[in-house]
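Colleague: Take this structure, written in structure tokens, and hold onto it; I'll ask about it next.
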Amino acid sequence: MKNVYKIVLVALIITTTTSCNDDDFLEQTSVDQLTSASFWRNAEDAQSGLVAAYSELESRSNFWDGWQEGRPVVEYFRSDYALPGPDASNYAHWMSIYNFTYTNGHTFIDVIWTTNYKGLNFANQVITKVGEMTSDKISEAEKKQIIGEATFLRGYYHFKLLTLYEQIILRTELISNETLDKPLSTRPEAWEVIISDFKQAAEMLQTVDNTEPGRATKGAALAYLGKAYMYKAGDPSSSEASDFENAALAFKPIVEGAAGSYALESDFSSLFNGENENNKESIFELQFKTADATSNNSTRLHAFVGDWSIGGWGGIAATMDIVNEMKSEGMIASNGLYDNRLYGSLYFRDPFYNDPNTNQMQGSTWDELMMETYENTNDNAVYFRKWLPNYVWNNSYVGVNVVLMRYADVLLMYAEALNETGATPQAIDIINNVRAVHGHMPPITVTSQADVKKQIIHERTMELTLESVRFFDLRRWNMLDQAMQAAGRSNFSAASHAYLPIPLSEINSNSAIN
Amino acid sequence: MKKKQSKNQIHSYKSLFLLLFVFVSFGFMTNTHAQGILVKGTITDNAGIPVAGATVMLKSDPSVGTQSDFDGNYSLEVPNNQTILVFSYLGFATKEIMVGSQTTINVSLQESAEDLDEIVIVGYGTQKKSDVTGAISSVKSEDLTKVVTTNPVDALQGRVSGVTVTSSSGSPGSTSDITIRGIGSFGNNQPLYIVDGVQADPYFLNANDIESIEVLKDAASGAIYGTRAANGVIIITTKKGKAGKTKIEIESSLSSNTAREDMKLLDADGYVSVHRQMYENAGASLPQYVQNPPNVNTNWIDETHRTGQLNLLNVRVSGASDNINYSVAGSYADEKGILIGSGFTKKGINANLSSTKGKLKINTSLNYSETNQEDYKFSLRETYFISPLIPVLDPSKPSGYGYRSGDLPDHRNPVGEAAIIDGYTKMKYFLGNVGFTYEIIEGLNANANFSLANRDNYTYAFHPPFQVRDIDDNPQNEYAFVSEYNSEFRRLNQEYTLNYQFDLGKHSVNLLAGYQRISEPFKETYVQAEGYKFDENGDKIPATILDPSFNTMNAFGDGTYSAEGTNAEYALVSQFGRVNYAYNDRYLFQASVRRDGSSKFGKNNQYGVFPSVAAGWKITDEDFMKNQNIFNFLKLRFSWGQAGNDSALGYYDYIALISQGKDRSNGGYIFGNPQTSYLGSIARDLQNDDLQWETNTSSNFGIDFASLGNKLKGAINYYSTTTQDLLITKEVSPSSGVNNPIVNVGEFENKGLELELGYVNKDGEFGYSAFGTFTTINSEVTKLSNANQKLYGIGLLFGSDHFVNQTQVGYEPGAYFLPVADGIFQSQAEIDAHGAQPNASPGDIRFVDQNGDGVIDSKDETYQGTAIPKYEYSLSLSADYKKFDFNIFFQGVGGNKIYNGNDFRLLSLDTGRNFRAEAENAWTPSNTNTNIPRAVLGDPNRNSRASTRFLEKGDYLRIKTIQIGYSLPTNILETLELDKLRVYLTGQDLFTFTKYSGLDPEVGGSVLSRGIDINLYPKYKSIIFGVQLAF
């Protein structure tokens, strides 16, 4: 019987030591993560949430299919001046974008959609949660700044989506179980939300002089507000007579210095090679930085853009048409060459790139590089130069920023808006200023409104090649069919291809869309 | 804080008890025998033939006993002449004889249906098989070990009706997909595994350590396990010592494994010719490699495949005497995979000890196992894609391994990758269980059980800098890389039960009440080092690694390091009870209920209650059945019950957690001058406080019978199961911007008929038996969030296109919905007449415009069947004559379809990759009698879109094993002083009869994406030689 007592004793000890409350036992929480309810405690939390809201810009979070291949293929390949690079034919899905034979299941169409909506979810979290923070947690000034930036970002993500896709779903509130599925909005509804967000942000934000580089500013909000009106003006589903006027009103304070001090940079190619980042011409700039041991925010866009001959991956090339367009005014620049912006935008066979004394092409000459790679001088090849550092070889990942909005674009859009609203002489002055500083070119001689518009179309090619504007400009000018025809892109029809389709994944999973 | 402390205490108590118990147990073993009477005799069957291996034991103490030798002889010392001896042997009626004055007792055993009265393990106890009211099937060790595998539950394939085992991979150490009675959940469909009374992972057991496996198929049988039992329960009992002398058993086998079928790809000439067609048909200029191909012809399949091997060894020492019963086994498995670089080893010890001290009984079982899995380190996809014009070795390349030159398509050299990359996963698994049973009064037992399961996982990867393709899209390859992952999973289980069994006249009652707590803490850390650092300009430069072969964290000195890690815990609390009642041993009744609380749910739904009832009627015991001789045994059963499932959930899925990151990929961004990376913090998930259990409600109607003098036995079950509130990781609309959440969605229904039939007979020295199973499965999704909802499976093209499976109300989960491919257009006239395919040319695929709207799009997708077989069957035929034994085991499925995903890639002749050898039969104006469309770059007609073109019938019949064995005769064994020596030769998976054109028709998948055969590790067939030795 002694054993029995032992057993009872043991059982007693065990039961008493383990008899903590069942509910306590079941209560398990993450040991290293806060929750949506316990976060948003102070200004640091609010700032950190805002950082995440920036992180989806230009699909950079999905590095390969979003930023590195998706965005350039979707935005650059569809330009009439682009050609697939030598490596592109190995990727059927790149070629389907180039040939306009893609379907709504295309991975890039999917990724770009998804990443922008992630950005919207994050921006909405910041706007709602920071909005709910009381004054003991965050100062009013800081709150206003943070919500202003998040509001700009919400406008930006919606704008990005609406310019790419035929229709979008508006996301302006915190997501919940009930709002997972939501119907498409009409384009006019979407424009209204975008314009309202940019307007609101412009009121809340500081000028560039008082803001940390990389953040949204009053100038950026106004520039995108104006751009939204310009695009809306060229969108038959939504255009209104007042659009150009409203665009001009938005650009005006930027040009007049009321939204911060902006100016044209004299060294055109320094805008794109990572040597002069966040400069005085930069209005909104996507930030990259060489990776270090604690973070990786680097890019390899230059590898996609760069040709095999200069150590790139040969993702993209350019047509001879763009060289001809850029040479069209002749060698009338102040230095006796073509428009300076031709050399800042393209590599092609030209004495400028074949001078062994200056080695202007990545430290070498065209002929030397071409003979090495292709065993001929590749006379008819043209490659883009923007977004390349001065020396592509041996650079796997770089920190070259990508300018999304710069002062020259604002000036040209302002000139266009003025020209459209009858202020052609004022427009001509602005155009001449840009030509002189960036192109070393003499003033233009045309004066009629129609001729000035043609000149603006030419100037936008000179200035903004490979800056994700060409396809969208052609669309708002209603020139897509004509330009694609001229480029031999026979599959293209504006009716089917002016906008990307709603991704299959959205249609499949969103029960509010049929 | 307080909580933590008490948990640690529990743990330390448990360790203490374990230690204590081991010492105590060995103490018992030194006890000396009491002196008594020596009884001898011979045991024979009713034909007078000696029965070897029959058990003789004391009725008063079953742990004292012996077994008859090969001549049927036994001898046993008994305490006194009042001792009752129990003689038993499987398939024979048990006999009890009082010793009295006899010292020689010869016994003749009668063959009978008694194995219906064999004991079956049920949840928290045992039952006589004839008393079982639920749907429970048993598999014995002899059948399990016929299939040679490193994962014992694989051997269940075809052994039990209603259990589906699908092995999609031939990778050494891989696991199979096991479902019981169809797919009941979108998440985890794995049954609950109970090993010797505790939840455990059977992967770490050895098939030879298993005595029996019971499969609890209906919810009523599983309901006592509550929230974890919705997918059925598999109870594994490991081997215990048997009364008699110490027994040593050794079993060893050696398998030679080769691919069941090899992928046949184009050789160099075929490659050039198909690529030429592809470019010419697209009107594109021919690449250099077509105009002027290099003189290389590599067969990448031969280069990456080889003959594999599997060695198994198991040694067991077991026995029982007086108050102690023990069984200790060691096992070793070593497998070389059929893909280069892959392999697996497993070493394990399994020990069972039990002892009684008065009214106290103590059971201990310990299992320790180590595995080392080395997966193949190249991509099968790239192996299929890479050009035969690329040499394996190329001294002109820096790595010495060939990759493209000129304008050849660029793919990774698999041989190079396999040789350069090092990596493996090692697991250590420990399961310790100690149980105390104390008999308070007769029939009333108190039981306390404590167990600890611990699984450590260590994954290592290393490579020096290398390049095996021209444009290397993995930047990590440029620099050396090493990573180590460590995780520790533990399950601490305490369980207290009271069990009272009593008979009152014709009433027999068994009551069970219990309380259980499980906590599962989990920890993990990951560290990696990369062989680069940053120079003063912020550019990456190689770090200083003293020797390129140095492969530890320290070796990467000034390289770049990163680390992550976390802890989490799952907790479960339960109360449960059960009543079993039998009247006159004829009318059987059972009811149970279990209440579970789980930490995986929000406050709204933390507890769930799972009831069950069951009844049985042994008709043959009724008077009116006495005069019939059709049935020797007949029982009707009915059961209804509920079980739950929370396994689809992670630790904190109902909470929206804030995740942080400083990189472009995880929420970081840059501001400032100089530029600074900032940490981003945001919720990426959806908050969902209403998450709750998946509940599985099932009814079962069954008949057990025996006939033809108990030679024919069988069971028939019909079941119907509904799973409600299914938990699913829902593909959420991407525009919501949140990660795919887990939500309760919809309802599944599974119905089926199961038949198990066995026939055993012996004619003199010729014995033969047949055992067959037949199962029908009818799965249907009966409800989703909304009636028109479609849940898509994975997209085979970058995940965003080429969707094959859809889950819709009214169909099987993950059914195929595809446009119908209707042959090949032979002329422009046919294309014009069809009208819906403007981009087609002669030689392209014609698709059916189902709705006649003049376009082929998603509206033309129609239901095309399912990957879930409509029926499954098996047949095992055995025979033995004298010392020879023979077994052949057939297993098959029917009514299912397979999507040949490899063909989607390898017969889509549209881009720069290699193709299947059949591609040479592509349509050309002079080769029109073919089902392979023309080769054309860019595929303007989208011949390769998801369609029935790649869908094939999946029926198969396989000779799973065919075995012939020979045992040495008794006289030779006696001279060798052995009890048993048997050698056998087995052919495993040698023959498969199927029309499926892919490598193998056994293709698994997830619930939503089932039956897609793409880039699977090829499966193998084996020739196995084995030896079994006992002394």
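Colleague: Can you pull out the residues in segment B:544-571 that are touching a Phe, Trp or Tyr at 6+ places or on another chain (Cβ under 9 Å) and outside any loop (DSSP other than H, G, I, E, B)?
Modeller: Result: B:Phe556, B:Thr560, B:Ser562, B:Ala563, B:Glu564, B:Gly565, B:Thr566, B:Asn567, B:Ala568, B:Glu569, B:Tyr570, B:Ala571.
Colleague: Right, something else. Does A:Glu166 satisfy being away from chain B (no Cβ under 13 Å), under 24 Å from A:Ala190 (Cα atoms) and touching a Pro at 6+ places or on another chain (Cβ under 8 Å)?
Modeller: On the way: away from chain B (no Cβ under 13 Å): yes; under 24 Å from A:Ala190 (Cα atoms): yes; touching a Pro at 6+ places or on another chain (Cβ under 8 Å): yes.
The answer is yes for A:Glu166.
Colleague: Check A:Tyr353, A:Tyr374 and return the single one that is more than 14 Å from chain B (Cβ to nearest Cβ), under 18 Å from A:Gly306 (Cβ atoms) and more than 20 Å from the chain's Cα centre (by Cα).
Modeller: Going through A:Tyr353, A:Tyr374 in turn, the sole match is A:Tyr353.
Colleague: Turning to a different aspect of this structure: If I ask for residues that are modelled with pLDDT under 95, in contact with a helix residue (DSSP H, G or I) (Cβ under 8 Å, 6 or more places away or on another chain) and more than 14 Å from chain A (Cβ to nearest Cβ), which ones from segment B:464-511 would you list?
Modeller: Result: B:Pro464, B:Phe466, B:Val468, B:Ala480.
Colleague: List the residue pairs whose Cβ atoms are under 7 Å apart, where the first residue sits in segment B:730-754 and is part of a loop (DSSP other than H, G, I, E, B), the second is charged (D, E, K, R) and at pLDDT below 85, and the two are 6 or more positions apart or on different chains.
Modeller: Correct list of pairs: B:Asn740/B:Lys730; B:Asn740/B:Glu731; B:Pro741/B:Lys730; B:Val745/B:Lys730.
Colleague: Something else: Here are some residues: B:Ile682, B:Ile670, B:Ile658, B:Ile703. Which one is of a type in the set (Val, Ile, Thr) and free of Cβ contacts under 8 Å to residues at least 12 places away in the same chain? It would help to see each step written out before you state the result.
Modeller: On the way: B:Ile682 fails: free of Cβ contacts under 8 Å to residues at least 12 places away in the same chain; B:Ile658 fails: free of Cβ contacts under 8 Å to residues at least 12 places away in the same chain; B:Ile703 fails: free of Cβ contacts under 8 Å to residues at least 12 places away in the same chain.
Step by step, each of B:Ile682, B:Ile670, B:Ile658, B:Ile703 is checked, and only B:Ile670 is of a type in the set (Val, Ile, Thr) and free of Cβ contacts under 8 Å to residues at least 12 places away in the same chain.
Colleague: Looking at B:Asn914, is it touching a strand residue (DSSP E or B) at 6+ places or on another chain (Cβ under 7 Å) and in a loop (DSSP other than H, G, I, E, B)?
Modeller: Yes, satisfied.
Colleague: Need the failing condition index for A:Trp387 against (1) in a loop (DSSP other than H, G, I, E, B); (2) more than 30 Å from A:Pro442 (Cβ to Cβ); (3) in contact with a strand residue (DSSP E or B) (Cβ under 7 Å, 6 or more places away or on another chain), just the number.
Modeller: (2)
Colleague: What tally of residues in segment B:288-316 results from selecting those that are surrounded by 20 or more Cβ atoms within 10 Å (Cβ to Cβ) and either within 14 Å of chain A (Cβ to nearest Cβ) or in a strand (DSSP E or B) (or both)?
Modeller: Residues in segment B:288-316 being surrounded by 20 or more Cβ atoms within 10 Å (Cβ to Cβ) and either within 14 Å of chain A (Cβ to nearest Cβ) or in a strand (DSSP E or B) (or both): 8 in total.
Colleague: Could you pull out the residue among B:Gly416, B:Gly319 that is over 18 Å from B:Pro152 (Cα atoms) and not in a strand (DSSP E or B)? Before you say what the answer is, go through the steps one by one.
Modeller: Numbers: B:Gly319 fails: not in a strand (DSSP E or B).
Answer to the selection: B:Gly416.
Colleague: A:Ala483 versus (1) under 22 Å from the mean Cα position of the chain (by Cα); (2) among the aliphatic types (A, V, I, L, M); (3) more than 13 Å from chain B (Cβ to nearest Cβ): which is the lone unmet condition?
Modeller: (1)
Colleague: Would you check which residues across segment A:392-407 are assigned to a loop (DSSP other than H, G, I, E, B) and within 11 Å of another protein chain (Cβ to nearest Cβ) and list them?
Modeller: Scanning segment A:392-407 gives A:Asn394, A:Asn395, A:Ser396, A:Tyr397, A:Gly399, A:Asn401.
Conditions tested, residue by residue: (1) under 30 Å from B:Phe534 (Cα atoms); (2) under 25 Å from the mean Cα position of the chain (by Cα).
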| residue | (1), (2) |
| --- | --- |
| A:Ser364 | yes, no |
| A:Ala427 | no, no |
| A:Val434 | no, yes |
| A:Arg460 | no, yes |
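Colleague: Mind telling me which of the residues B:Ser549, B:Ser612 ends up being more than 10 Å from chain A (Cβ to nearest Cβ), surrounded by 17 or more Cβ atoms within 10 Å (Cβ to Cβ) and either more than 30 Å from B:Tyr479 (Cα to Cα) or more than 34 Å from the chain's Cα centre (by Cα) (or both)? Walk me through it before giving the result.
Modeller: Numbers: B:Ser549 fails: surrounded by 17 or more Cβ atoms within 10 Å (Cβ to Cβ).
Selected residue: B:Ser612, the only one of B:Ser549, B:Ser612 that is more than 10 Å from chain A (Cβ to nearest Cβ), surrounded by 17 or more Cβ atoms within 10 Å (Cβ to Cβ) and either more than 30 Å from B:Tyr479 (Cα to Cα) or more than 34 Å from the chain's Cα centre (by Cα) (or both).
Colleague: Next question, about the same structure. Considering only segment B:643-656, I want to know if a residue exists there that is over 20 Å from B:Gly226 (Cα atoms) and more than 14 Å from chain A (Cβ to nearest Cβ).
Modeller: So in segment B:643-656, the residues over 20 Å from B:Gly226 (Cα atoms) come out as B:652-656.
Filter once more, so that each one left must be more than 14 Å from chain A (Cβ to nearest Cβ): none.
No - not one qualifying residue is present in segment B:643-656.
Colleague: Next question, about the same structure. Of all the residues that make up segment B:657-697, how many are within 18 Å of A:Ala293 (Cα to Cα), facing chain A (nearest Cβ under 7 Å) and not aliphatic (A, V, I, L, M)? It would help to see each step written out before you state the result.
Modeller: As a first pass, look at segment B:657-697 and keep what is within 18 Å of A:Ala293 (Cα to Cα): B:660-671, B:674-680.
With the extra rule that they be facing chain A (nearest Cβ under 7 Å), the set shrinks to B:662-665, B:667-671, B:675, B:677-680.
Remaining after also requiring not aliphatic (A, V, I, L, M): B:662-665, B:667-669, B:671, B:675, B:677-678, B:680.
The number of residues fulfilling the criteria is 12.
Colleague: If you don't mind, another one. Hey, any hits in segment A:83-98 for a residue that's facing another protein chain (nearest Cβ under 10 Å) and touching a His at 6+ places or on another chain (Cβ under 7 Å)?
Modeller: yes
Colleague: Of the residues A:His458, A:His438, only one is closer than 28 Å to A:Ala241 by Cβ and modelled with pLDDT of 95 or more; which?
Modeller: Values: A:His438 fails: closer than 28 Å to A:Ala241 by Cβ.
Residue meeting the stated conditions: A:His458.
Colleague: How many residues are in contact with a Pro (Cβ under 8 Å, 6 or more places away or on another chain) and either among the charged types (D, E, K, R) or more than 14 Å from chain A (Cβ to nearest Cβ) (or both) if we restrict to segment B:783-829? I'd like the intermediate steps shown before the answer.
Modeller: Our first condition is that a residue be in contact with a Pro (Cβ under 8 Å, 6 or more places away or on another chain); within segment B:783-829, this holds for B:800, B:807, B:824-828.
So of that shortlist, the ones also either among the charged types (D, E, K, R) or more than 14 Å from chain A (Cβ to nearest Cβ) (or both) come out as B:824-828.
Count: 5.
Colleague: Next question. Out of all the residues in segment A:327-378, which are among the aliphatic types (A, V, I, L, M), closer than 21 Å to A:Ile444 by Cα and surrounded by fewer than 21 Cβ atoms within 10 Å (Cβ to Cβ)?
Modeller: Filtering segment A:327-378 for residues among the aliphatic types (A, V, I, L, M) gives A:331-333, A:337, A:342, A:346, A:361, A:369-371.
With closer than 21 Å to A:Ile444 by Cα added as a condition, the list becomes A:331-333, A:337, A:342.
A:Met331, A:Ile332, A:Ala333, A:Leu337, listed by residue number.
Colleague: I've got another one for you. Can we say A:Ile112 is surrounded by fewer than 24 Cβ atoms within 10 Å (Cβ to Cβ) and either more than 9 Å from every other protein chain (Cβ to nearest Cβ) or not in a helix (DSSP H, G or I) (or both)?
Modeller: Details: surrounded by fewer than 24 Cβ atoms within 10 Å (Cβ to Cβ): no; either more than 9 Å from every other protein chain (Cβ to nearest Cβ) or not in a helix (DSSP H, G or I) (or both): yes.
In short, no.
Colleague: Can you name the number of the only condition in (1) at the interface with chain A (Cβ under 8 Å from one of its Cβ atoms); (2) in contact (Cβ under 8 Å) with a residue 40 or more places away in the chain; (3) of a type in the set (Ser, Thr, Tyr) that B:Thr560 fails?
Modeller: Failing condition for B:Thr560: (2).
Colleague: Can you tell me which residue is nearest to the chain's Cα centre (by Cα) among those in segment A:275-287 that are more than 7 Å from every other protein chain (Cβ to nearest Cβ) and either among the charged types (D, E, K, R) or in a loop (DSSP other than H, G, I, E, B) (or both)? Break it down into steps so the answer makes sense when it comes.
Modeller: From segment A:275-287, those more than 7 Å from every other protein chain (Cβ to nearest Cβ) are A:275-277, A:279-286; that's our starting set.
With either among the charged types (D, E, K, R) or in a loop (DSSP other than H, G, I, E, B) (or both) added as a condition, the list becomes A:275-277, A:279-281, A:285.
On the way: A:Glu275: 20, A:Asn276: 19, A:Glu277: 16, A:Asn279: 18, A:Lys280: 19, A:Glu281: 17, A:Glu285: 9 Å.
Residue satisfying both the conditions and the ranking: A:Glu285.
Colleague: Do any residues in segment B:938-959 that are within 14 Å of chain A (Cβ to nearest Cβ) have Cβ atoms under 9 Å from those of residues that are in a loop (DSSP other than H, G, I, E, B) and aromatic (Phe, Trp, Tyr), where the two are at least six apart or on different chains, and which pairs are they?
Modeller: Once the first residue is within 14 Å of chain A (Cβ to nearest Cβ) and sits in segment B:938-959, its partners that are in a loop (DSSP other than H, G, I, E, B) and aromatic (Phe, Trp, Tyr) give B:Asn941/B:Phe825.
Colleague: Specify which of the listed residues (A:Ser61, A:Ser30, A:Ser38, A:Ser79) is assigned to a loop (DSSP other than H, G, I, E, B), farther than 30 Å from A:Val323 by Cβ, more than 7 Å from chain B (Cβ to nearest Cβ) and polar (S, T, N, Q). Quick ask: steps written out before the conclusion?
Modeller: Working: A:Ser61 fails: more than 7 Å from chain B (Cβ to nearest Cβ); A:Ser30 fails: more than 7 Å from chain B (Cβ to nearest Cβ); A:Ser79 fails: farther than 30 Å from A:Val323 by Cβ.
It is A:Ser38.
Colleague: Being surrounded by fewer than 21 Cβ atoms within 10 Å (Cβ to Cβ) and of a type in the set (Asp, Glu) narrows it down to one of A:Asp80, A:Asp45, so name that one. If you could, list the steps in order and put the result at the bottom.
Modeller: Numbers: A:Asp80 fails: surrounded by fewer than 21 Cβ atoms within 10 Å (Cβ to Cβ).
When all the criteria are applied, what remains is A:Asp45.
Colleague: Oh, and also: Give me the residue from segment A:22-50 that is modelled with pLDDT under 85 and in contact with a helix residue (DSSP H, G or I) (Cβ under 9 Å, 6 or more places away or on another chain) and, out of that set, nearest to A:Phe122 (Cα to Cα).
Modeller: A:Glu27
Colleague: Exactly one of (1) farther than 19 Å from B:Asn188 by Cα; (2) buried (at least 17 other Cβ atoms within 10 Å of the Cβ); (3) within 14 Å of chain A (Cβ to nearest Cβ) is unmet by B:Glu756. Its number?
Modeller: It fails just one condition, (3).
The values are calculated or read from the model by the stated rules, or taken from the named source; none is laboratory data. Only a predicted model underlies this, so the values are computations on that prediction, with no experimental measurement involved. Glycine gets a Cβ as well: all are built from the backbone with ideal geometry, and neighbour counts include every protein chain shown.
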